Structure formats: C-alpha cells, structure tokens
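Have a look at the structure below, then the notes.
The values are calculated or read from the model by the stated rules, or taken from the named source; none is laboratory data. Being a predicted model, the structure only gives us computed values, none of them experimental. Backbone-built Cβ (ideal geometry, glycine too); neighbour counts: all protein chains shown. Heads up: the accessible areas ignore ligands, DNA and RNA and are worked out on the full protein's heavy atoms, side chains in. Shrake-Rupley method; radii C 1.70, N 1.55, O 1.52, S 1.80 Å.
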Amino acid sequence: MKITVIIGSPHGMKGNTGMLLEEVMAGLEPGTETDLLDLSRLQVRPCVGCDLCHRNGICHLQDDYESIKALLLASDGFILASPNYIFSVPAQLKALFDRSGGLLHCLALEGKYGAVVETSGGGEDDEVIRYVVRFINAAGAQSVGAIGSPMAGERSFPKQEILFEKARKLGGELCRCIREREHFPDQAGFRGSFKARMKRLVEHRKDDWRYEYRYWQEHH
Ligand SMILES: Cc1cc2nc3c(=O)[nH]c(=O)nc-3n(C[C@H](O)[C@H](O)[C@H](O)COP(=O)(O)O)c2cc1C
C-alpha cells in the first residue's frame, strides 16, 4: 500500500502541523510505503492559467509539480496536512491545488482515499478542513476523515494525548479504507454532481482540451 503525504506548512515537519501529522503517520499500518513531500523544500510555482495542461496533460512550468502529481497518481491514498492561514491553506499548498486543475477536470484521483490534518492558532479548523476535503472530493477521491486542532501554547495542543490518540486512529483508518475499498455515501452527492459538471465542461471544450477529452473517453 502506497501513501503520499503532503505537508503545506512553511515550517515543514518542524511546525505544529508536522507534529500532528507525525502521529497520523505513526498510526499507518506497518509496511505502508510512504512518500513524504514537504512543500517548503519543493518548488510549486503559482498557476499562470495558460490551459496547456488541459490540452497536453502536462504543465509546462519547470518545477516539482509534475513529480508530485506522478506520486499522487501512483498512490493508493494520500494525506494533506496544512495550517490555517487566514481561513484557508498557505500559498504553498494553494499553488499545488491550483496547479491540479487538470486532475480535477479528469477526477484523476478516483478510487483513492485521502485524509486531512490541520492546525490553527485559535480556530476555524472546520472551515479549512471542509475546503481541503472539497479538493479531495473534486479530484475524484474519497475522504476517510480529518483531524484539526487549535494550539494551546508553544508546540502543545489542548488535551494533547486524546488528540494524538485520535490522530493515530486516523492513520489506521486510512489504511483500512484503502484495504477494504470503503465507500462513503455522504460524499457521493457532491462527487457525482462535480463529475457531471466536469464531463459537460470537458465535452464543451473538446476541440481545445484534447488531452482531457481523450482522458474522459478512456477512463470514465
Ligand atoms: C500567515 C499566517 C496566517 C494565519 N492565519 C490564521 C487564521 O486565520 N486563524 C488561526 O486560527 N490561525 C492562523 N494562523 C496560525 C497558524 O494556523 C498556527 O500557528 C498553525 O498551527 C501553524 O502551523 P505550522 O507550525 O505547521 O506552520 C496563521 C499563521 C500565519 C503565519
């Protein structure tokens, strides 16, 4: 079982989000193969909106995006870890989301499972988690759950041991869902309507977005 782990904090694994993510990773089943991608050490430039990825399936910006995409596509599941930056994700992770427009048009992560890890200074955890889960569903994948928490102080969480126990359970749950091909009916509505919308969009642009039109014919 292969899991791609992406952390979007500029503090990498040394920050609060990394501390909570470590617990989630500790809960993964023994033998799980992981690739940990720390966006603070990689380069993902902002999308320039050129649409070339929709035509060719490849982004022409020269940075780490295509190799991150390849790891995601080769994985059974993934973890997205992010701090709350002004009710959303930091620019580093937002850049990755924006560059993933092609994955969303094709729902290219269908069949995969995602988990979310989030930390904040003081709150709005659910708002950030909802946003990241929407990204997971829009890419075609199912979310197995999320863990988020405000901080209680320097590098500590309120009720830390209880939180860490939940974090380890989330790691185990991600592996179980992958193994048992779990289905989450509560996510089917959004995933279904988003998929229908993307199908219409790609059909409408079929003469221009040739890669994505071909992808839909071959995969859906
Ligand atoms: C630019 C910036 C924006 C932030 N925005 C928020 C916010 O809107 N709400 C909040 O509760 N915390 C906010 N925080 C606090 C971080 O979410 C919090 O410290 C988080 O645990 C940092 O995780 P990290 O150490 O993994 O980077 C912000 C921090 C920074 C640096």
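Condition check ((1) out of contact with any helix residue (DSSP H, G or I) (no Cβ under 6 Å at 6 or more places or on another chain); (2) free of Cβ contacts under 8 Å to residues at least 24 places away in the same chain; (3) away from the ligand (no atom under 16 Å from the Cβ)) across all residues:
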{"site": "77", "(1), (2), (3)": "no, no, yes"}
{"site": "81", "(1), (2), (3)": "no, no, no"}
{"site": "98", "(1), (2), (3)": "yes, no, yes"}
{"site": "103", "(1), (2), (3)": "yes, no, yes"}
{"site": "117", "(1), (2), (3)": "no, no, no"}
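Residues in segment 1-41 that are under 17 Å from the mean Cα position of the chain (by Cα), open to solvent by 30 Å² or more (accessible area, probe 1.4 Å) and within 16 Å of the ligand (Cβ to nearest atom): 10, 13, 22, 25, 36, 40.
The residues of segment 62-78 that are assigned to a loop (DSSP other than H, G, I, E, B) and either in contact with a Pro (Cβ under 9 Å, 6 or more places away or on another chain) or buried (at least 18 other Cβ atoms within 10 Å of the Cβ) (or both), listed by number, are 75, 76. If you go through segment 185-202 and keep only what is among the aromatic types (Phe, Trp, Tyr) and either in contact with a Phe, Trp or Tyr (Cβ under 9 Å, 6 or more places away or on another chain) or at positive phi (or both), you end up with nothing.
Please determine, by comparing only the residues of segment 146-160 that are open to solvent by 20 Å² or more (accessible area, probe 1.4 Å), of a type in the set (Gly, Ala, Ser) and touching a strand residue (DSSP E or B) at 6+ places or on another chain (Cβ under 7 Å), which one is farthest from the ligand (Cβ to nearest atom).
In this case the residue turns out to be 146.
For segment 177-213, the candidate set comprises residues that are free of Cβ contacts under 8 Å to residues at least 40 places away in the same chain and open to solvent by less than 60 Å² (accessible area, probe 1.4 Å); within that set, the residue that is nearest to residue 27 (Cα to Cα) is 188.
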